[in-house]
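Step one of this worksheet: look at the structure below.
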Amino acid sequence: MVERLETGIDVLDRKLDGGLPPGCLVAYAAAPASQSELLLYELTAARGTLYLSTERSTDAVRHAVENSPSDVGNPTIRHVGSDAPITETRKLINALPEGANLIIDTMDVLEHTDREEFTSFLNDLKTQMLEKNGIAVLHCLKGDETTNRSRTFHAADAVFDLQTAISGAELENHLTVPKFRGGSQPTDAIKLELTEEVAIDTSRDIA
């Protein structure tokens, strides 16, 4: 059994045989209008986390994390500017402590950079996460597909796809894992409640 690091979200850990392998890169795809950030915030409760925001300000992210209704940690939050985002992100990641999580929210700014530079960044990120025995979660917004989005998905060890739809009068969120190099791939969609906390929704399960 490959060593696993718990994500801190019980339903995910059960589906992933205990969590994610150390060094894992996760591409987390979701629509901008979903509450996908709630899952990111809850991931910070599992272990120390460096939270890099490429769009929202540090204060905005800190306020959102502190006011999240779910259990969260105390992440180190840094804003990445748009002038030289790859260079700035590299410097921040170099200070990542052993065993820590890394969250990049969102990847769009980085993905709009030069192809070779971005590919090199992804390869170096994988090497660093293996050396640090941590997990990196790369938040990828759907809709405005970027130049290098396919390279993010290709480099990722796991892809989490959050799909939000209206069913009748209810808003439903389903998480699928179309790619998982770290072991047995979950074959069914996980119905989530992205309200007060990230939890499995069993309200409409048929016994």
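With the requirement that a residue be at pLDDT below 90 and open to solvent by 30 Å² or more (accessible area, probe 1.4 Å), what does the range 1-21 give you?
Scanning the range 1-21 gives Met1, Val2, Glu3, Gly8, Asp10, Arg14, Lys15, Asp17.
Would you confirm, using the coordinates I've provided, whether Asp59 is free of Cβ contacts under 8 Å to residues at least 60 places away in the same chain, more than 27 Å from Gly18 (Cα to Cα) and not in a strand (DSSP E or B)? Give the steps one after another, and end with the answer.
Numbers: free of Cβ contacts under 8 Å to residues at least 60 places away in the same chain: yes; more than 27 Å from Gly18 (Cα to Cα): yes; not in a strand (DSSP E or B): yes.
Considered against the rule, which asks whether it is free of Cβ contacts under 8 Å to residues at least 60 places away in the same chain, more than 27 Å from Gly18 (Cα to Cα) and not in a strand (DSSP E or B), Asp59 comes out as yes.
Is there a residue being of a type outside the set (Phe, Trp, Tyr) and closer than 19 Å to Leu125 by Cα anywhere in the range 55-72? Walk me through how you get there before you give the answer.
The initial filter retains those residues of the range 55-72 that are of a type outside the set (Phe, Trp, Tyr), namely 55-72.
From what's left, closer than 19 Å to Leu125 by Cα: none.
No, the conditions are met nowhere in the range 55-72.
Identify the residue in the range 156-184 that is among the hydrophobic types (A, V, I, L, M, F, W, C) and touching a Ser or Thr at 6+ places or on another chain (Cβ under 8 Å) and, among all such residues, is surrounded by the most Cβ atoms within 10 Å (Cβ to Cβ).
Going residue by residue through the range 156-184, those that are among the hydrophobic types (A, V, I, L, M, F, W, C) are 156, 158-160, 162, 165-166, 169, 171, 175, 177, 180.
Filter again for touching a Ser or Thr at 6+ places or on another chain (Cβ under 8 Å), leaving 160, 162, 171.
Details: Phe160: 24, Leu162: 20, Leu171: 14.
Ranking the qualifying residues of the range 156-184, first place goes to Phe160.
Which one of these is surrounded by fewer than 19 Cβ atoms within 10 Å (Cβ to Cβ) and touching a residue at least 60 places away in the same chain (Cβ under 8 Å): Asp71, Asp105?
Within the list Asp71, Asp105, the selection yields Asp71.
Using the structure shown, decide if Ala30 is aliphatic (A, V, I, L, M) and surrounded by fewer than 21 Cβ atoms within 10 Å (Cβ to Cβ).
Numbers: aliphatic (A, V, I, L, M): yes; surrounded by fewer than 21 Cβ atoms within 10 Å (Cβ to Cβ): no.
No, not satisfied.
The rows are residues; the columns are (1) within 16 Å of the chain's Cα centre (by Cα); (2) part of a helix (DSSP H, G or I).
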{"position": "Lys91", "(1), (2)": "no, yes"}
{"position": "Val109", "(1), (2)": "yes, yes"}
{"position": "Asp124", "(1), (2)": "no, yes"}
{"position": "Thr127", "(1), (2)": "no, yes"}
{"position": "Cys140", "(1), (2)": "yes, no"}
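The values are calculated or read from the model by the stated rules, or taken from the named source; none is laboratory data. Every value quoted in this text rests on a predicted model; they were computed, and no experiment measured them. Positions of Cβ are generated from backbone atoms using ideal geometry, with glycine treated the same way; all protein chains shown enter the neighbour counts. To get the accessible areas, we keep the full protein, side chains included, count just its heavy atoms, and leave off ligands, DNA and RNA. Shrake-Rupley method; radii C 1.70, N 1.55, O 1.52, S 1.80 Å.
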